[in-house]
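What follows is a single structure, written as structure tokens, with notes after it.
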2 protein chains.
Amino acid sequence: MITTAVYIGTSLDGFIAKKDGNIDWLVKFESPEIGESYMQFMRNIDVHVIGRNTFDKVLTFDPWPFEKKVFVLSTTLNDLPNHLKQKVEIISMAPREVLKYLSDLGFSNIYIDGAKVIQHFLQEDCVDELIITRIPVLLGDGIPLFGLLDQALSFKHEGTLVFQNGLVKSHYKRAGN
Amino acid sequence: MITTAVYIGTSLDGFIAKKDGNIDWLVKFESPEIGESYMQFMRNIDVHVIGRNTFDKVLTFDPWPFEKKVFVLSTTLNDLPNHLKQKVEIISMAPREVLKYLSDLGFSNIYIDGAKVIQHFLQEDCVDELIITRIPVLLGDGIPLFGLLDQALSFKHEGTLVFQNGLVKSHYKRAGN
């Protein structure tokens, strides 16, 4: 049994970053309380699947922030820095193939991250859990979390947590349509 | 002192209706609890400002659902059905002119409704309160609640209420940027 989860923050109008990738407007809401909530989620996942853009962004962080294995979905990335060759693998597959591949490797709880990857997985109905934290800002423009879907997807609300600084985290599980 | 409020339901991906205006996916979540929450909001407003599309939709309801006076923002609508001439007025003004006009008429709590009108008022930073109820569905396509803005707008979280059927209502007030 393999499950996929999205854990992400968005503006009230659904953007995860400004057009240029800037997330300062979001980062300024970080707090110990929110950090603990994220760590709690991270303890339950055993692998990351991210896109090329997210990978490029994370590469600028020092040190490398992920403890668990990371799979980068990319058709153009060919090589990795030496210090990441044990920690990162480049793959190029459709969502259901990714799930089969990771399941065969023994993984069971996948953290899906990056707008394009999330949209691609949702389009194929391959997201089991959505944990969305709303930041009390209308950004007005930027990189949208969600894209168009061929079919509507129903979710079941599992719980909502309000942080002291006004962020609202809601947890949803995929439900039958 | 005049204040404007938006009270609206949206899908998790930010749509208030399907492309054709259909809101069955939303209406099926109606409940006494949600109705009471809406009535509580309605008791505090004294006038509606809606757009042409919302007006056309409401015209199909029987009986006319609004107790309070309704102003329809439209540049193309010229006439009203006889039974509405006391209840509805057509105006064609920019958001700040609307506020001045309604304030001069003695109104103080405006309910702003309809996607285009909401977007227009937000673009001019003329929305004081946002009360957004998230329906646990990714609609995938439709009429978006929010549009592009020239500037980001910060809000302060005032409270969040989770309804028994999984809808999450969050109340925000405009805060300094």
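The values are calculated or read from the model by the stated rules, or taken from the named source; none is laboratory data. The shown structure was predicted, so the numbers you read here are calculated from the model rather than taken from an experiment. All Cβ positions, glycine included, derive from the backbone under ideal geometry; neighbour counts span all protein chains shown. For accessibility, only protein heavy atoms count, side chains too; no ligands or nucleic acids. Shrake-Rupley method; radii C 1.70, N 1.55, O 1.52, S 1.80 Å.
The H on the amide N of B:Ile91, modeled in the peptide plane, is under 5 Å from the matching H of B:Val72, B:Leu73, B:Ser74, each at least 5 residues off or on a different chain.
For region B:3-167, just say rounded, prolate or oblate: build the C-alpha gyration tensor, square-root its eigenvalues into a ≥ b ≥ c, call rounded for a/c under 1.5, and beyond that prolate if a/b exceeds b/c, oblate if not.
Details: a/c = 1.44, a/b = 1.26, b/c = 1.14.
Judged from the Cα gyration tensor, region B:3-167 comes out rounded (a/c under 1.5).
Chain B comes nearest to the axis taking it onto chain A at the Cβ of one residue; that residue and its distance, in whole Å, are B:Gly14, 2. Near A:Cys126, once Lys and Arg are set to +1 and Asp and Glu to -1 for all other residues with Cβ below 12 Å from its Cβ, the sum equals -2. Other residues whose C-beta falls under 13 angstrom from the C-beta of B:Tyr172 contribute a net charge of +2, scoring Lys and Arg +1 and Asp and Glu -1. Each Lys and Arg contributes +1 and each Asp and Glu -1, all at the Cβ; summed about the Cα centre of the protein assembly as shown, the dipole is approximately 100 debye. Couplings for region B:166-175, taken from phi via the Karplus curve 6.51 cos²θ - 1.76 cosθ + 1.60 with θ = phi - 60°, read x, 6, 10, 9, 10, 10, 10, 10, 4, 10 Hz in order; Gly and Pro are left as x. Distances between copies of B:Met1, taken at a point 7 Å out from Cα along the Cα→Cβ vector and listed shortest first: 5.4 nm. Summarising the label geometry, the points placed 7 Å from Cα in the beta-carbon direction at B:Thr60 and B:Arg96 lie 3.7 nm from one another. Projecting label points 7 angstrom from Cα along Cα→Cβ for A:Asp46 and B:Met39 puts them 5.2 nm apart.
Where does the longest stretch of chain A lie that holds no trypsin sites (Lys or Arg not before Pro) found in a DSSP loop with 15 or fewer other Cβ atoms within 10 Å?
Working: sites that count: A:Lys19, A:Lys28, A:Lys68, A:Lys85, A:Lys87.
Here the longest run is A:88-177.
For region A:127-136, 3J(HN,Hα) computed residue by residue from phi via the Karplus equation (6.51, -1.76, 1.60; θ = phi - 60°) reads 10, 8, 9, 10, 10, 10, 10, 8, 8, x Hz, glycine and proline entered as x. Computed from the C-beta positions of A:Thr76 and B:Lys68, the FRET efficiency with R₀ = 45 Å rounds to 0.20. Among B:Ile34, B:Phe61, B:Ile143, flag the residue with its Cα farthest along the positive direction of the charge dipole of region B:3-167, charges on Cβ as +1 for Lys/Arg and -1 for Asp/Glu. Ranked along the dipole, the leading option is B:Phe61. When DSSP beta bridges are restricted to pairs lying wholly in chain A, around 40% turn out antiparallel.
Comment: the Cα-to-Cβ extended label point of A:Lys68, at 7 Å, lies 4.7 nm from its counterparts in the other copies, nearest first.
3J(HN,Hα) couplings calculated from phi for region A:6-22 with the Karplus curve 6.51 cos²θ - 1.76 cosθ + 1.60 (θ = phi - 60°) are, in sequence order, 10, 10, 8, x, 9, 5, 4, 9, x, 9, 9, 6, 5, 3, 8, x, 4 Hz; Gly and Pro show x. The H on the amide N of A:Val137, modeled in the peptide plane, is under 5 Å from the matching H of A:Leu12, B:Phe155, each at least 5 residues off or on a different chain. Take B:Trp25: with every protein chain present and a 1.4 Å probe, its accessible area is about 20 Å². For A:Pro144, neighbours were defined as the other residues whose beta-carbon sits under 11 Å from its Cβ, and their charges (Lys and Arg +1, Asp and Glu -1) total -1. Residues whose amide H lies under 5 Å from that of A:Gly9, counting only those 5 or more places away or on a different chain, are A:Thr133; hydrogens are built 1.01 Å from N in the peptide plane.
Would you tell me the mean number of C-beta atoms belonging to other protein chains that fall within 10 Å of each C-beta in A:149-155, as a whole number?
Details: counts 5, 2, 4, 11, 8, 6, 6.
Taking the mean over all residues of the peptide, I get 6.
Using a probe of 1.4 Å on the protein chains alone, the accessible area found for A:Glu30 is around 130 Å². Each helix, a run of at least 4 DSSP H residues, gives -39500 (n - 2.57); summed and divided by the residues of the protein assembly as shown, these come to -6500 deg cm²/dmol at 222 nm.
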